[in-house]
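Report on the following structure.
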Amino acid sequence: MTAQPLSFDPYNLIITGVGGQGNVLASRLLGRMLVVQDYYVTIGETFGASQRGGSVMSHLRISTRRAWSPQIPHGRAHMVIAIEPSEAFRVLAVYGNPEVQLIWNTRPIHPVSVITGQAVYPSLEEIAQGLNELSARNWRLEATAQAQIMGNPILGNIMMVGALSAVSDLPLGPEIFEKAIAEMMPPAKVPINLEAFAWGRTAIT
Amino acid sequence: MSIVSTGAKGQTALLMGNDAIARGALEAGVRVVAGYPGTPSSEIIQTLANVATDHGLYVEWSANEKVGLEVAAAGSFSQLRSMAVMKQVGVNVASDFLLHLAEYGTRAGFVLVTCEDPGGLSSTNEGDSRHYAKMMEFPLVEPGNFQEAKDMAAWSFELSEKIRNVVMFRSVTRMSHASGNVVLGELSPHLTGPGSSKARFQFDGDMMDQMEGPVVTFPGTVDVMHRRQLEKLEMAREIFETSPFNTYTGPDRPELLIITSSAAYLYSQEAIALLGLEKRVGLLKLGTTWPLPPRLLAKHLKASEKIFIIEEGMPFLEDNVKALWTELGPEAGTKPFFGRKLGPLPPTNELNPDRVALGLAEILGLPAPLPDPAYRERANELAKSHAPFRAMTFCPGCPHRASYWLMNSALKQDNRDGFVCGDIGCYTMGVIGCGFNTLKTSHAMGSGTGVASGFGKLNRFGFDQPVMAVSGDSTFFHAVMPALVNAVHNQADMILVVMDNSGTAMTGFQPHPGTLTDAGGGALPALNIARICEAMGVKVVIADPFEMAATEKTLLDLLDEPGGVRVLILRQACALSPSKKGKRQFDMTVDELACLAEDCGCNRLCTRIFGCPGLIWDPKAKKTRIDEVICVGCGVCAAICPTGAISRKEVA
């Protein structure tokens, strides 16, 4: 099999959120779905003590040609997935550009600076307006709310992956997803993840 | 079972650098693996521990890195390929043994893997262990991509056997914790080492017979052994002259030659592509960075007028390449060298494609490849107003938050300017706001107790502040025990608080000598911290940090006790521990009528000071709420609220 050409090569994707939201799992899942289709995938991420409750970010470089650096050069992201909305701004300030696209989850996780009252968390309207300004196109998802209905807020990350599969030209169809998730999860957890993926795919359109 | 152990030869897998290293070791037929957890190294041992039974390995989380290196060395001495794994600071701990090990040499292939953390992403320093290879005279190799992480890990065992000495294999965070495509090789059949089916330690030969004599370093043999060691280094240097892991891409006579290694190779490739310099700039990637191969370097150095050395860490390569260049004599002439020491690269912090591209553009007088300035300015403005600062913090339900709350409160009530000395673990965050800035010293593993032991002897100089130290349970075994022995024997006036959360939490919950399992989950006896302390003759009190009122009183009583060492063990499992994860003990609720918030005498103690991420402060409604997505139901905030507005209900 030969990898199909991409709209951008390398295609630069960033997944951001807060430690504990399933960033790493989402990036590895996407990587797995693409490597089996003969793409070169490089994933850069940081995890460890400094990420506890802190901002986290995974960089994915997807290419038909070769391995790229695990860090995307500044201003060169093509797509940003923000599992936590305010984190989108932190990422766009460094990696954004006028053409960037964005998928964002509406559910905030308040940083300690907001809990203590030293800082204020922006309203949903302010967030939406700011993200409109900073992206060529963006899609919002009430992923955490739906994930809570489905029984576990962590499913939000899989919903975001489902949404990505619907709006990007990356080959991330349901069959590829099902195969990858079955390899990564115990069988009992597969159906709920399929459901989350399908919800993300339809919710975005 | 992961692809690391099941993947077939020729298959392409997406592997994290650490898993690629583990796979390389399996392809080389490693048999004994030991080390101590530390980000970004921990996954290597964990991955191998998970497949140890299937592949007939012995994998151990050792008490500390020095012991880990010694345990692995015994494997090599007994004709088993062996590996020790640690992070950069661990090499310091292991370094005393390492000096002796390298002087005598090894038998079956022996690799020391060090995973380092330029930029201190998960460390308190930017330690660069490559200097040990030069200082202690053994070879150093560094993979430049994920494929090489696997291939060079496997090859390092062969190299070690060729020269009969330890080989240092150095990775960095952006290699160890990044992932990429790796084409797998063949797993080794279950060998017990070169030419032998049974582990056996030979010691009957002559003292200088490296394969059959006693393995000793000894005053009378220093000169002759040191010479033998240098011959091994010379052999490595010759092998490196033609190593396929040293590669060159670019024109025959480049305008500028980049010499690079490790993850900086990936950044250099990216920077060349960003600036479109493929025809002007040459890229010499060194996989073997000590000893440097002089003929290979001379050839490339002579072919270019400018040299740019790009590396992760201190200017190690930069200094050594320049030294080698001067050794070539007058015929080499002079030429400008660029790097971290002479600029334009920053002397500190990790590199990335942008830092390298900026440096490259500066040297060649090109415009910097900067993103759209108008966009960037606006995005920065919005990030400032819309992305409130997110400091690192203890997890919701973390026992350390409660423990520091209690220590802080007890020291304030005691009112004698007492303070706490700390060290390395999640509990290092006691330095910052989430730990109420309780820690006033913090250095290496176990240093809290050692430093407190010193403070505890200053009373003859008029020192009258109460001194406390904190230690994690894994750190207790790693480095606190000798410091505690010192404090007890010298009768230091101090309180040691062992914050026992039942595992090596910070690095992913590895077992340690105080837990009941081995690295692969098998049963082992646990050593009891309280009984160890008691055997040293110390008074020990055990308490639960979640029982806040009782434990605070215990702390105050201990502070009131006269002189000598007192130990308090605060026992409560980590919120992420396998025994707790996903299980909620209490459902937490806030009674909105009872919560007086800013009008309360406490002035929002729960959100303003305690600051657990599971709480929400609603500034419009002026009420505290529980974030049901984040809260894990530890119940501690209910104990803090003075009006009883926060209540806990046991989950059925």
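The values are calculated or read from the model by the stated rules, or taken from the named source; none is laboratory data. The structure presented is a predicted model; accordingly, all values stated were derived computationally and were not measured. Using ideal geometry, Cβ is built from the backbone for each residue, glycine included, and neighbour counts are taken over all protein chains shown.
For this structure, a couple of remarks:
- Taking segment A:1-106 as the region of interest, the strands (runs of 3 or more DSSP E) fully inside it that hold 2 or more residues being more than 18 Å from A:Pro171 (Cα to Cα) and more than 7 Å from chain B (Cβ to nearest Cβ) are A:11-18, A:55-63, A:101-105.
- Inside segment B:384-400, residues that are crowded, with 22+ Cβ neighbours inside 10 Å, part of a helix (DSSP H, G or I) and either at pLDDT below 95 or within 11 Å of chain A (Cβ to nearest Cβ) (or both) make up a count of 2.
- Considering segment B:602-635, the residues that are β-branched (Val, Ile, Thr) and either under 11 Å from A:Val114 (Cβ atoms) or within 33 Å of the chain's Cα centre (by Cα) (or both) include one that is surrounded by the fewest Cβ atoms within 10 Å (Cβ to Cβ), namely B:Ile609.
- The strands (runs of 3 or more DSSP E) found entirely in segment B:512-621 that carry 2 or more residues being more than 14 Å from chain A (Cβ to nearest Cβ) and not small (Gly, Ala, Ser) are B:539-543, B:565-571, B:586-590.
- Qualifying strands (runs of 3 or more DSSP E) (wholly inside segment B:241-309; at least 1 residues being among the hydroxyl-bearing types (Ser, Thr, Tyr) and surrounded by 20 or more Cβ atoms within 10 Å (Cβ to Cβ)): B:256-260, B:288-290
- Answer residue from segment B:412-430, given it is more than 20 Å from B:Ser502 (Cα to Cα) and either within 14 Å of chain A (Cβ to nearest Cβ) or surrounded by 22 or more Cβ atoms within 10 Å (Cβ to Cβ) (or both) and is nearest to the chain's Cα centre (by Cα) among those: B:Cys421
- Tally, over segment B:563-580, of residues that are basic (Lys, Arg) and either more than 18 Å from B:Thr507 (Cβ to Cβ) or within 24 Å of the chain's Cα centre (by Cα) (or both): 2
Let's see how each residue does on (1) surrounded by 12 or more Cβ atoms within 10 Å (Cβ to Cβ); (2) in contact with a Pro (Cβ under 9 Å, 6 or more places away or on another chain):
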| position | (1), (2) |
| --- | --- |
| B:Leu527 | yes, yes |
| B:Gly537 | no, no |
| B:Ala543 | yes, no |
| B:Met548 | yes, no |
| B:Glu552 | yes, no |
| B:Leu555 | yes, no |
| B:Leu558 | yes, no |
| B:Gly564 | yes, no |
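- Screening B:Pro143 on (1) crowded, with 21+ Cβ neighbours inside 10 Å; (2) away from chain A (no Cβ under 14 Å) shows it passes everything except condition (2).
- Exactly one residue among B:Leu370, B:Leu351 is part of a loop (DSSP other than H, G, I, E, B) and modelled with pLDDT of 95 or more, and that residue is B:Leu351.
- In segment B:135-152, the residues that are closer than 17 Å to B:Glu116 by Cβ and in the same structural domain as B:Ile310 (by TED's automatic domain parsing) form no Cβ pair under 8 Å with any partner that is at pLDDT below 95 and surrounded by 24 or more Cβ atoms within 10 Å (Cβ to Cβ), whether six or more places apart or across chains.
- Of the residues examined, B:Gly333 is one that is without any contact (Cβ under 8 Å) to a residue 60 or more places away in the chain and at positive phi.
- Contact map, segment B:108-125: residues that are away from every other protein chain (no Cβ under 11 Å) paired with residues that are in a loop (DSSP other than H, G, I, E, B) and of a type in the set (D, E, K, R), Cβ distance under 7 Å, separation 6+ or inter-chain. Pairs shown: B:Ala108/B:Arg81; B:Gly109/B:Arg81; B:Glu116/B:Asp128; B:Pro118/B:Glu126; B:Pro118/B:Glu312; B:Pro118/B:Glu350.
- Of the residues making up segment A:159-182, one or more are under 15 Å from the mean Cα position of the chain (by Cα), of a type in the set (A, V, I, L, M, F, W, C), under 23 Å from B:Pro396 (Cβ atoms) and more than 7 Å from every other protein chain (Cβ to nearest Cβ).
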